[in-house]
Structures are given as structure tokens and as C-alpha cells.
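Visitor: Take this structure, written in C-alpha cells, and hold onto it; I'll ask about it next.
The values are calculated or read from the model by the stated rules, or taken from the named source; none is laboratory data. Source: prediction; values computed, not measured. Reconstructed Cβ throughout: ideal geometry from the backbone, glycine too, with neighbour counts over all protein chains shown. Keep in mind that these areas ignore ligands, DNA and RNA; they rest on the heavy atoms of the full protein, side chains included. Shrake-Rupley method; radii C 1.70, N 1.55, O 1.52, S 1.80 Å.
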Amino acid sequence: MGSLVHVKEAVIVTPAESTPTGVLPLSPLDSQLFLRFTIEYLLVYKPHLPSDALNPRATVTRLKSALAKALVPYYPFAGRVRAKPDGDGGLEVVCRGQGVLFIEAVSDYEVNEFERAPRFVTQWRNFLSVHVADVLKGAPPLVVQLTWLKDGNAVVGVGINHCLCDGIGSAEFLNSFAELASMSQTKFSEFKFKPKPVWDRHLLNPPPLFRPSRNNNNSPSHPEFDRVPDISGFVARFSNEKLVPTSFIFNKTNLDELKKVALSTSKLTESNYTSFEVLSAHIWRSWARALNLPSNQILKLLFSINVRERVKPSLPSGFYGNAFVLGCAHTTVKDLTGKALGHAAMLVKRAKERVDNEFVKSVVESVSRSRASPDSVGVLILSQWSRLGLEKINFGMGKPVHVGPVCCDRYCLLLPVFNRTDAVKAMVAVPSTAAARYEHLVRSFCS
């Protein structure tokens with residue numbers, strides 16, 4: 001069983017061509033306090049045929065060259081993020097082609113060790129050896145690490161600071177980067193970025209005169225930003241208790257069964273639910289029941305909602321900035337755990353339906369004027385990585401046999417499953433006293 005990762009080389013990779021210099025402002029959505037962290041992807045590769053055997057030196061060269069080429073249109077990734085000097089809380093990117101960090105490493109892990117959840121939250125931490133906790137201190141906002149496993153397979157760890165892009169934007173960049181890495185360098189000049197990356201962060205700035213009426217019953221409310229009392233010691237429990245990573249795959253049969261249960265326990269007005277609505281509701285209920293919290297504790301399920309097509313006018317194809325708002329389903333422990341799955345699924349569905357152009361404008365106003373930010377009390381954050389296209393990222397080593405986070409933490413991630421387009425893997429770390437019960441409950445509606 002592997003335990004070691006040794007760094008062989010760490011170098012700065014700069015754009016392959018001259019890129020624009022200057023300062024680019026980030027949008028209010030980019031600048032949110034809760035997005036000032038690094039998205040960390042772990043992609044595990046296992047060539048399927050002997051002829052695909054990896055040549056380490058050639059692979060490293062290909063990845064570096066492809067990264068340099070990809071940084072030409074995505075040149076802000078090679079810049080450095082800082083706070084705007086006007087002190088309004090916003091962020092900006094200083095673009096001078098400073099470069100990103102590329103690391104090559106070796107490990108005694110084997111590929112089959114990634115088929116199950118890590119034993120502890122940080123077990124895979126060193127597959128992205130440089131963790132950028134605070135990008136405002138001058139660190140590169142993008143880090144790529146290629147690690148060779150003991151059995152000759154490979155892991156690619158990627159860290160992209162969230163203030164520069166969202167999940168969709170990061171996946172578009174990684175797919176372009178990977179496509180370049182899988183082709184001959186002599187064909188780079190023919191490569192067309194699809195979609196062509198678009199900066200245009202001003203499209204999500206608040207209108208100068210936008211002021212939603214606080215007394216208007218029709219103006220959007222934002223429970224995602226409301227503070228709720230911590231009557232259960234929730235924050236202390238998640239801070240002090242050991243978290244245990246869990247992983248479970250839901251196949252099509254499981255998802256169809258959850259839909260049937262949700263519909264049979266819903267109001268007559270509900271005609272259908274999506275897989276996301278029933279799965280997120282099921283995970284949320286299982287999590288809440290396992291934690292055994294006081295019945296009057298308010299709980300929230302927060303999840304990202306892509307607004308590229310919900311705003312008017314819609315955002316251009318290739319916009320890779322943060323173009324999402326938080327959907328928020330909220331209720332008491334009593335109602336979430338005591339009522340059936342259909343009730344929780346309805347809460348998720350309603351939270352999605354609330355998000356329209358006016359809602360997005362109101363969020364932009366809130367985060368830009370009052371620095372509104374979600375709290376952590378009673379919150380489960382769920383992110384749908386299974387719909388980003390991460391499972392297609394091919395650096396010339398085939399498609400990844402595992403896609404997931406570098407660290408399995410308290411945020412629940414819905415992940416793609418290799419060669420199973422109708423299945424979803426749910427990974428989340430829960431307090432050790434609740435882990436066994438959570439794993440039992442999350443399997444309860446599945447055959």
C-alpha cells in the first residue's frame with residue numbers, strides 16, 4: 001500500500017508566446033470570500049494496451065509544451081491575483097506572463113489504490129504537493145503535477161484558484177490543455193480552442209443603479225447568506241472530530257429507484273424529478289440522519305447553479321469565469337429527517353427554480369455591495385463534478401480511470417464513473433461518530 005510521493009522537479013512554465021500585459025479586474029462573483037481557495041482535481045490514468053506504455057521523459061515534455069501553448073489564450077492563469085487597491089474587497093489579476101508551476105514526482109502507490117475512498121482526508125495530499133491556501137500572497141494560481149506510480153501508471157493533480165474560474169471554465173481549460181498534450185507539437189499552430197476562451201468579467205458587474213427594494217415582497221430572498229444559530233455544536237464538531245472519507249456509486253437502477261420513492265412521497269403537483277434532485281436530497285437526508293442533530297437545528301444544502309443561460313442576455317460560449325450562484329434548500333432537522341424523500345427533493349427542486357435573471361442580479365448586488373457570504377452552520381455543500389466533462393480529459397494516456405478531489409473533505413462531490421455514463425460516485429467525509437450510520441443510510445434506497 002502506497003504512502004510516499006517524492007518530487008523530482010518543480011519548474012515555472014510560461015506562455016509559449018507573448019501575451020497581453022496589464023491588470024484585469026475580476027467580477028464580484030469571482031471576488032467572493034468563499035471562493036478564495038483552490039479547486040484541486042485528481043485524475044488517475046491507466047493505459048489500456050501495452051502499446052500505450054508511457055515514456056516518462058516524452059510525456060513530461062509533451063505536457064510542459066501543451067501547458068505553455070494553452071496559457072497563450074488563457075494567459076490570466078499565468079498572472080498573479082491581488083486585492084484591488086481601492087479597498088472595495090474586489091480582486092484583480094496582474095498579467096505579465098509570470099507563469100504557472102509544473103511538478104514531476106514519483107510514488108510507491110499503485111493505480112488500484114484509487115478505486116476506493118482514501119483512508120483519511122489528506123491521504124492523497126502529496127499528489128498536488130504545493131497547496132496554495134492564499135493566492136493573494138503571490139503564488140501561481142495554477143499548479144499541475146504529474147506523478148508516476150509504482151506500476152508505471154500516472155496521476156495528474158491540478159490546482160486552479162477558484163477566483164479565476166468555475167468548474168465549467170476549469171474543465172474547458174483542462175480539456176484544451178489535454179488535447180494539445182495528445183497531439184504532435186508541430187500541429188500546435190493548427191489547433192483551435194473550442195470553445196474559444198472569453199474573459200469579459202464585466203458582464204457580471206452590477207448595474208450602477210440596481211437597487212432591489214428591501215420592502216418588496218417580490219424581491220429575491222437569499223437564505224444561502226443568512227446566518228442561523230448553531231444550537232447543536234455543529235461547527236465545533238466538524239472542526240474537532242476526525243472526518244472519515246466515504247464513497248458510494250449510484251447506478252441507473254439506484255437513481256431510478258430514488259426517483260420512484262421521491263415521486264411516491266411527493267405532493268400531487270410534482271410530476272418528475274431529475275437524478276440530481278433525488279440524489280442530492282437522498283444524500284442530504286442520510287447525512288442529517290447520521291449526524292443525529294437536535295430537531296430544531298436549521299440545515300442547508302448549498303449547490304452551484306450555472307447561470308450562463310439564465311442571465312439576460314446569456315453569457316458567451318467560452319466564458320470561463322465564475323458564472324454560478326448558490327442554490328439553497330433549507331429546513332429543520334425535524335422536517336428533513338422526519339418527512340419522506342419527496343419533501344427533500346421538492347426543496348431542492350424549488351431552490352433551482354428560484355434562480356432567474358433577477359435572482360442573479362440580486363446576488364451580484366449582495367456580494368458586491370455588502371460582501372455577502374454563506375455561513376458554515378448546518379451546511380452541506382454539494383458540487384456536481386460529474387457534469388463538467390472531467391472524465392474526457394485525455395493527455396495522450398487514455399481517459400482517466402478515476403476523477404476526484406485531491407482531498408476528500410466535508411464537501412460532497414458527485415463524480416463521474418469510468419466507462420459508466422449513467423452512474424455517479426458520491427464522495428464526502430463525515431464525522432467519525434456518524435460515518436458507519438451514514439454509509440448504511442446512503443445505501444438504504446439502493447438495490
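Visitor: Looking at the structure I just gave you, is Ala83 within 22 Å of Ala429 (Cβ to Cβ) and either free of Cβ contacts under 8 Å to residues at least 24 places away in the same chain or open to solvent by 30 Å² or more (accessible area, probe 1.4 Å) (or both)?
Guide: No, not satisfied.
Visitor: Between Lys69, Lys64, which is open to solvent by 50 Å² or more (accessible area, probe 1.4 Å), assigned to a helix (DSSP H, G or I) and at pLDDT 95 or above?
Guide: Only one candidate qualifies: Lys64.
Visitor: Counting only residues that are farther than 24 Å from Glu439 by Cα, open to solvent by less than 30 Å² (accessible area, probe 1.4 Å) and either at pLDDT 95 or above or among the hydroxyl-bearing types (Ser, Thr, Tyr) (or both), how many does segment 246-278 have?
Guide: Residues in segment 246-278 being farther than 24 Å from Glu439 by Cα, open to solvent by less than 30 Å² (accessible area, probe 1.4 Å) and either at pLDDT 95 or above or among the hydroxyl-bearing types (Ser, Thr, Tyr) (or both): 1 in total.
Visitor: Related question: For segment 306-321, which positions are in a loop (DSSP other than H, G, I, E, B), open to solvent by 10 Å² or more (accessible area, probe 1.4 Å), within 18 Å of Arg354 (Cβ to Cβ) and not acidic (Asp, Glu)?
Guide: Matches in segment 306-321: Arg308, Arg310, Val311, Lys312.
Visitor: Here's a check for you: in segment 23-58, which residue that is assigned to a helix (DSSP H, G or I) and farther than 21 Å from Asn112 by Cβ is modelled with the lowest pLDDT?
Guide: Residue satisfying both the conditions and the ranking: Ser51.
Visitor: A further question on this structure: Exactly one condition in (1) modelled with pLDDT under 95; (2) under 30 Å from Phe303 (Cβ atoms); (3) not in a loop (DSSP other than H, G, I, E, B) is false for Asp88; which is it?
Guide: (3)
Visitor: Scan segment 387-399 and tell me whether some residue there is in a loop (DSSP other than H, G, I, E, B) and under 30 Å from Lys267 (Cα atoms).
Guide: Checking segment 387-399: not a single residue is in a loop (DSSP other than H, G, I, E, B) and under 30 Å from Lys267 (Cα atoms).
Visitor: Going by the structure shown, is Lys252 outside the structural domain of Tyr75 (by the TED database), of a type in the set (Lys, Arg) and under 23 Å from Arg410 (Cα atoms)?
Guide: No, not satisfied.
Visitor: Of the numbered conditions (1) more than 13 Å from the chain's Cα centre (by Cα); (2) within 30 Å of Ser314 (Cα to Cα); (3) in contact (Cβ under 8 Å) with a residue 40 or more places away in the chain; (4) crowded, with 22+ Cβ neighbours inside 10 Å, Met397 satisfies every one except a single condition; which is it?
Guide: (2)
Visitor: Inside segment 367-380, can you point out the residues that are buried (at least 21 other Cβ atoms within 10 Å of the Cβ) and either out of contact with any Pro (no Cβ under 6 Å at 6 or more places or on another chain) or not assigned by the TED database to the domain that holds Val428 (or both)?
Guide: Hits for segment 367-380 are Gly378, Val379, Leu380.
Visitor: Being of a type outside the set (A, V, I, L, M) and either buried (at least 21 other Cβ atoms within 10 Å of the Cβ) or not in a helix (DSSP H, G or I) (or both) is the filter here, so list the residues in segment 338-358 that pass it.
Guide: Those that are of a type outside the set (A, V, I, L, M) and either buried (at least 21 other Cβ atoms within 10 Å of the Cβ) or not in a helix (DSSP H, G or I) (or both): Lys339, Lys349, Arg354, Asp356.
Visitor: If a residue must be of a type in the set (S, T, N, Q) and surrounded by fewer than 19 Cβ atoms within 10 Å (Cβ to Cβ), how many such residues does segment 384-394 contain?
Guide: Count: 1.
Visitor: Where residues in segment 376-386 are among the hydroxyl-bearing types (Ser, Thr, Tyr) and outside any strand (DSSP E or B), which of them is nearest to Ala66 (Cα to Cα)?
Guide: The qualifying residue nearest to Ala66 (Cα to Cα) is Ser386.
Visitor: Among the residues of segment 407-447, what is the count of those that are assigned to a helix (DSSP H, G or I), touching a helix residue (DSSP H, G or I) at 6+ places or on another chain (Cβ under 6 Å) and over 18 Å from Ala262 (Cβ atoms)? Reasoning before the result, please.
Guide: Step one: list which residues in segment 407-447 are assigned to a helix (DSSP H, G or I), which gives 432-442.
Then keep just the ones that are touching a helix residue (DSSP H, G or I) at 6+ places or on another chain (Cβ under 6 Å); that gives 434, 437-438, 441-442.
Adding the requirement that they be over 18 Å from Ala262 (Cβ atoms) leaves 434, 437-438.
Number of matching residues: 3.
Visitor: Quick check: anything in segment 107-129 in contact with an Asp or Glu (Cβ under 8 Å, 6 or more places away or on another chain), at pLDDT 95 or above and surrounded by 21 or more Cβ atoms within 10 Å (Cβ to Cβ)?
Guide: Yes; the residues of segment 107-129 include at least one that is in contact with an Asp or Glu (Cβ under 8 Å, 6 or more places away or on another chain), at pLDDT 95 or above and surrounded by 21 or more Cβ atoms within 10 Å (Cβ to Cβ).
Visitor: Within segment 419-430, can you find the residues that are crowded, with 18+ Cβ neighbours inside 10 Å and either in the same structural domain as Ile168 (by the TED database) or of a type outside the set (A, V, I, L, M) (or both)?
Guide: Across segment 419-430, the qualifying residue is only Lys425.
Visitor: Search segment 186-207 for residues being of a type outside the set (S, T, N, Q) and in a helix (DSSP H, G or I), and hand back the single one that is nearest to Leu26 (Cα to Cα).
Guide: At the first step, the residues of segment 186-207 found to be of a type outside the set (S, T, N, Q) are 187-188, 190-204, 206-207.
Of the ones still in play, those that are also in a helix (DSSP H, G or I) are 187-188, 190, 201-204.
Details: Lys187: 33, Phe188: 29, Glu190: 31, Arg201: 6, His202: 8, Leu203: 11, Leu204: 9 Å.
By that ranking, first place goes to Arg201.
Visitor: Being in contact (Cβ under 8 Å) with a residue 24 or more places away in the chain, open to solvent by 40 Å² or more (accessible area, probe 1.4 Å) and assigned by the TED database to the domain that holds Ser27 is true for just one of Asp134, Asp166. Which residue is that? Let's see the steps before the verdict.
Guide: Working: Asp166 fails: open to solvent by 40 Å² or more (accessible area, probe 1.4 Å).
Only one candidate passes the filter, namely Asp134.
Here is a yes/no grid of residues against (1) within 22 Å of the chain's Cα centre (by Cα); (2) part of a helix (DSSP H, G or I); (3) on the phi < 0 side of the Ramachandran plot:
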{"site": "Thr269", "(1), (2), (3)": "no, no, yes"}
{"site": "Leu279", "(1), (2), (3)": "yes, yes, yes"}
{"site": "Trp284", "(1), (2), (3)": "yes, yes, yes"}
{"site": "Leu299", "(1), (2), (3)": "yes, no, yes"}
{"site": "Ser304", "(1), (2), (3)": "yes, no, yes"}
